[in-house]
Amino acid sequence: MNRDMMSSFELFQPTTLGDALELLDQYEEKGWVYAGGKDSLDWFKDRVKKPEALIDITGIQELGGIRETAQGLEIGALVTLSALESNALVKQQYPILAQAAGRVASPQIRHAATIGGNISQDTRCWYYRYGLPCYRAGGNTCYADTPEGMNRQHCLFEADRCVAVTPSDTAPVLVALDARMVVRNSDGEKTYPAEEFFIGPDVDITRMTVMQPGDILTKIILPKEWAGARSYFEKVADRQTWDFALVNIAMAMVVSGGKVQKVRVACGGVQCTPRRLTGVEDIMTGEALGSDLEEMAGSVASRGAKTLNYNHFKIPLMENLVKRAIRNA
Ligand SMILES: Cc1cc2nc3c(=O)[nH]c(=O)nc-3n(C[C@H](O)[C@H](O)[C@H](O)COP(=O)(O)OP(=O)(O)OC[C@H]3O[C@@H](n4cnc5c(N)ncnc54)[C@H](O)[C@@H]3O)c2cc1C
Ligand code: SF4
């Protein structure tokens, strides 16, 4: 691969959603939606992805802002992670989203990076990012899933040729909070539950979300149902800053009379999509909080995991994160 020159591209800066969608239709798979650029620029500077046209959406006002509506809290796709982190409504009603946003990368990156880009970003598997022709890049092998492969950060669940994981810190929170993702294209608008928005390699190995060329995520809706619920977020990484999660966890629960009425929990860093821990949710529902419940829920958290050569440590990590989440939510 020639890495001498960064490829040139056309830059478009539309100020309306209609114009952006028209440009995306014109360029199809050769177009690239560009928001904060913090994932995109890595691809371009490494000379691995070479779009013909960048459609910079940051000038489209209707994609910004955080507002309360009858459905819940609406967050525009262009809201930056630092704005999320400091927003009073988010902090008060859905504090785990503010916490997760505040654990992404570094303050400089969070000032530019958007929530839309954070959940739409591609996986960080180093072989793929380096430009090797693996399954995800259209080739016929996986470099990580080999006896010598560097797979310490790779998946425990739902592998299908590819063993890469979701790198997003906010994605598991949106699954735990049962968020809705609103996607527009020139045919209209569609809303997806967060759990369906993220897709695994069994559905399409070249994408990590339902979005296809021509689509723009416009906003995320956090349902009222989970506003003010007890909740917990934790990210474990090798370094406390500027590093991706080895495993992260997001939990939201409603407790009344000392018993769990309802709960949703999801982990990142363990499969290609945020993994909803339905086994943990089933064990917790209707039960009293306490050390017995923590032990029981922890013991089912990693059920079904299939380890690679270097990621066994993620199993006790997941189990302990579940216990800590129940204790501290
Ligand atoms: C050094 C470094 C450390 C990082 N650490 C972390 C970390 O700890 N945790 C973490 O979660 N992430 C991390 N990231 C990844 C990334 O920077 C962030 O996730 C960031 O939020 C991406 O947002 P962006 O707006 O910059 O996205 P962009 O780079 O603009 O876009 C990313 C992808 O999303 C698509 N996209 C963006 N917005 C939309 C939209 N509205 N509709 C449709 N498609 C869209 C783009 O086409 C592109 O494919 C890190 C990145 C770097 C460079
Ligand atoms: S884990 Fe996925 S992205 Fe990484 S080398 Fe294997 S196929 Fe490619």
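The values are calculated or read from the model by the stated rules, or taken from the named source; none is laboratory data. Just so it is clear, the structure is predicted and the values come from calculations on it, not from any experiment. Note that we place each Cβ from the backbone using ideal geometry, even for glycine, and neighbour counts take in every protein chain shown. Heavy atoms of the whole protein, side chains included, go into the accessibility calculation; ligands, DNA and RNA do not. Shrake-Rupley method; radii C 1.70, N 1.55, O 1.52, S 1.80 Å.
Here are some notes:
- Strands (runs of 3 or more DSSP E) fully within segment 167-274 counting 1 or more residues that are free of Cβ contacts under 8 Å to residues at least 40 places away in the same chain and under 18 Å from ARG324 (Cα atoms): 247-256, 259-268
- Selection within segment 119-156: residues that are in contact (Cβ under 8 Å) with a residue 24 or more places away in the chain and β-branched (Val, Ile, Thr). The member of this set that is nearest to ligand 1 (Cβ to nearest atom) is ILE119.
- For the condition more than 21 Å from ALA227 (Cα to Cα) and in contact with a helix residue (DSSP H, G or I) (Cβ under 9 Å, 6 or more places away or on another chain), ASN87 does not qualify.
- Selection within segment 165-213 - over 13 Å from the mean Cα position of the chain (by Cα) and within 16 Å of ligand 2 (Cβ to nearest atom): PRO201, ASP202, VAL203, ASP204, ILE205, THR206
- Selection count, segment 138-158, where residues are modelled with pLDDT of 95 or more and open to solvent by 60 Å² or more (accessible area, probe 1.4 Å): 7
- Candidates ALA113, ALA20, ALA83, filtered to the one that is crowded, with 18+ Cβ neighbours inside 10 Å, of a type in the set (A, V, I, L, M) and under 27 Å from TRP126 (Cα atoms): ALA113
- Of everything listed in (1) surrounded by fewer than 24 Cβ atoms within 10 Å (Cβ to Cβ); (2) aromatic (Phe, Trp, Tyr); (3) within 12 Å of ligand 1 (Cβ to nearest atom), the single unmet condition for TYR192 is (3).
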